[in-house]
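Enquirer: One structure, as structure tokens, below. Some questions next.
Rule-based calculations on the coordinates, nothing more; no lab input. Given the structure is predicted, the values throughout are model-derived calculations rather than measurements. In this analysis, Cβ positions are derived from the backbone assuming ideal geometry, glycine residues included, and neighbour counts consider all displayed protein chains.
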Amino acid sequence: MPVPPKSMPMGCASLIPRNVVRRLRRRHRTFPFRSTVHVRLGTQYRPVLEESRMPSRALPLFTAGAVSITAAALALTPLGVAAAADPPPRLTIAQIQGTGAASPYAGQTVVTDGVVTASYPTGGFNGFYLQTAGTGGHLSRDHAASDAVFVYLGSKGAATAPRIGDHVEVTGPVSEYQGLTEISPATDGTSVLTTPAEAVKPVTNAYPSTDAGREAEEGMLVEPGRFTVTDVYTLNSYGEIALARGTTTLRQPTDVARPGSAKQQSVIASNAARSVTLDDGSSVSFLGSGKNTPLPWITQERPVRVGAPAQFTKPVVLDYRNDEWKFQPTSQLTADNAASVAPATFPNTRTDHPAKVKGALKIASFNVLNYFTETGEDYVAAGHTCSSYSDRAGNPITVDDCGADGPRGAWDEANLQRQQDKIVHAINALGADVLSLEEIENSAKFGKDRDQALAHLVDALNADAGSRVWDYVRSPEAADLPPLADQDVIRTAFIYHRVDVKPVGVSHVLVGSAAFDNARQPLAQVFVPRGGGRDVRFLAVVNHFKSKGSGTGEDADQGDGQGASNHSRVLQARALVRFVRQQEDTADVRKVFLTGDFNSYTEEDPLRVLANAGYTDLGTKLAPSESTYVFDGLVGSLDHVFANDAALEWVKGAHVWNINSVESVAYEYSRYNANATNFYTPSPFRSSDHDPTLVGFTPR
């Protein structure tokens, strides 16, 4: 031991905790105990003690009277040498986690041990999950603190992460990282113990419905139970699959409940109670740095679709990351290790054709996702400016922005062909006799015949069918259309099976309505079955109301679940009702079908206008469990077919063919070569982002 100087700081931390010796008294002077109190060796001091907090090993050093401070007795640390710190407390993981949203030990260094249940040396998590030995199984009702914690090793230490099943001791500071409790040990702060530990058991309780309940299981190994896929949008980018507890998807609240109602709030609460995300055990961005890494979960022919059951075969860890609760596999899932790592499988629920719908004729609606024959490349060649979305090699695939009146679809002929092949195969398999289209190019905006793109699509349909099966409804004369400047660059249209029906007279577009200044004007056409008379004629009107994405003033999002521009859509619904009455009187037709993308869920205000005017939503009436659209994990219908009371007498059935909204966007033509796995095929699946609604009816 080095010889200490005559006057030195008192460093008793290794022997006597600072809270034991409150002060040292020399004669009539009191010295508060601090880490740098100077004492003189050989001088007598009287310690003032809190014996109840003094470790027993320190008691022999003191008597009731004065003592002499010696370097040997108190193991004083010489000047310039750091005093030894209090040893960190040894705690159970449940103590570290606590019963609240944050650890009561955040910012403090602790020691704990447990069994490794999940390890992520690759993929970006850079750590492992540790759970107290023997915990899990069926948790009691008073279980309030999680028995597991994430141990973050950092990118440098991740490669040394212990193996699943190891008994490990960890020393490090506790922190809360975006709501997840973590311990971050130093390089030497993790050690594998040789002592055996009782195995961890997966939690068998039902998935908690509250954040507090989930917090009590944060990081623990769990057996999920029954779940249903409710969204796959971020599968393409982050390998995530949104799930709903139980056998049904999460519903768009305003698709089943009136805005502002108690039922709407009940649906919102139910969605929150049932939702969780199944992740891939990594933070890889498959559209960014991971674009050359094959996506997990899906292949070109093996999809994961909304509505499919998640069939769990292995336990998962209940994780909290990116502000949401997630199920993580116990190691990073990749396309190569799926057979051994994937905790769940999903049946392929695709069908090559829609379910059979009764009725002699079929009418349907199909949003064709910005089908433009004017490509971005064409538009740039004509002297305009465009930006594009590119594949992983930097090749332009689709238009990003060509201005308000520019094209919105494929970038070049090769990508137009890919888009067209999917749409053609979908339409020819749908089985509709009258089909309304939305989001098709208004070719007049590019100095061409207004129907040029529509005719091009019909030619492709007939080529695929092998004969001239299809024809299209011609646009009204220019004098009977709104001024070109008032028309949108996308429009609505009708195509029809020539053998089964034919148009009667010319089509009509609503002209002069301020309600449609920000949307596509309705298009009306009278049809009659081949060989039928005046009594079986029917009027079809296709619509595409203003979208929910933007609006100011009265059109600002009111926070009631109906999105932006609801005011405009209400005005458009009222204008539509007036327009249809005029068309009925002009054509002397009383059977009416309204079709299209109304950008309104079933219980929202615009569709209440139509219901109050006597129109029945046939999808809701005849196929209430089926929906046409998925947004943010919520399933509902923006696309509808309505019938007035007279036409309703003809209707026999309805069906939504789920070929688009339920599919990963990875299968869309716009994601061609976006990932190391090329998911594109010319199949109908993900030919659009909306699903077609098919209605069967028998005119009589």
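Enquirer: What aspartates and glutamates could a cross-link reach from Lys445, if we take a straight Cα to Cα line under 12 Å and drop same-chain neighbours fewer than 8 places away?
Expert: The reachable aspartates and glutamates, counting only those whose Cα sits under 12 Å from Lys445, are Glu374, Asp405, Asp486, Asp488.
Enquirer: Could you tell me how many cubic angstrom of Cα convex hull volume the range 93-205 has per residue?
Expert: Here the figure is 103 Å³ per residue.
Enquirer: Using only alpha carbon pairs under 8 Å that are at least six residues apart, calculate the relative contact order of the chain and give it in whole percent.
Expert: Dividing the mean separation by the residue count of the chain yields 11 percent.
Enquirer: Oh, and also: Which of the chymotrypsin sites (Phe, Trp or Tyr not before Pro) across the range 624-660 are loop residues per DSSP, with 11 or fewer other Cβ within 10 Å?
Expert: Loop-located and lightly packed - none at all.
Enquirer: Per 20 Å bin, what is the whole-percent P(r) computed from every C-alpha pair distance within the chain?
Expert: 16, 37, 25, 13, 7, 2, 0
Enquirer: Right, next: For Gly653, list long-range residues whose amide hydrogen, built 1.01 Å from N in the peptide plane, is under 5 Å from its own amide hydrogen.
Expert: Gly696
Enquirer: In the chain, with Lys and Arg counted as +1 and Asp and Glu as -1 at Cβ, which of these residues, Val665, Val509, Pro162, has the Cα nearest the positive end of the dipole, that is, farthest along it?
Expert: Pro162
Enquirer: Okay, moving on. Under 16 Å from a label point 7 Å along Cα→Cβ of Thr681: give me every residue in the range 429-455 with its amide N that close.
Expert: 429
Enquirer: Would you mind finding the longest exposed-site-free stretch of the chain, with exposed GluC sites (Glu not before Pro) meaning DSSP loop and at most 14 other Cβ atoms within 10 Å?
Expert: The longest such stretch corresponds to 302-476.
Enquirer: List every residue whose amide H lies under 5 Å from the amide H of Arg251, counting only residues 5 or more places away in sequence or on a different chain, with H placed 1.01 Å from N in the peptide plane.
Expert: Val635
Enquirer: Let me know the charge dipole size of the range 565-638 about its Cα centre in debye, to the nearest 20, where only the beta-carbon of Lys, Arg (+1) and Asp, Glu (-1) is charged.
Expert: 280
Enquirer: Can you put His456, His640 in order, fewest other beta carbons within 10 Å first?
Expert: Ranking His456, His640 by Cβ neighbours within 10 Å, fewest first, gives His456, His640.
Enquirer: For Leu287 and Ala455, compute 0.36 nm times the residue count separating them, minus their Cα-Cα distance, and round to one decimal in nm.
Expert: 56.9 nm
Enquirer: Could I ask something else about it? Report the extension gain between Gln300 and Ser261 in nm, rounded to one decimal, defined as 0.36 nm multiplied by the number of residues separating them, less their alpha carbon distance.
Expert: So the extension gain works out to 9.8 nm.
Enquirer: Here is a follow-up. Quick one: if you stick a label point 7 Å off each Cα along the C-beta vector at Asp588 and Thr204, how many nm between them?
Expert: Each label point lies 7 Å from its Cα, and together they span 7.5 nm.
Enquirer: Would you list which lysines come within 19 Å of Lys591, measuring only between C-alpha atoms, while excluding same-chain residues fewer than 8 positions from it?
Expert: Straight-distance partners of Lys591: Lys358, Lys362, Lys502, Lys621, Lys652.
Enquirer: Still on this structure, please answer the following. So for the chain, taking the charge dipole from beta-carbon charges (+1 Lys/Arg, -1 Asp/Glu), which of Leu539, Val651, Asn292 sits furthest toward the positive end?
Expert: Asn292
Enquirer: Here is a follow-up. So how far apart, in nm, are the two label points at Glu176 and Val577 if each is 7 Å from Cα heading toward Cβ?
Expert: So the label points at Glu176 and Val577 sit 5.1 nm apart.
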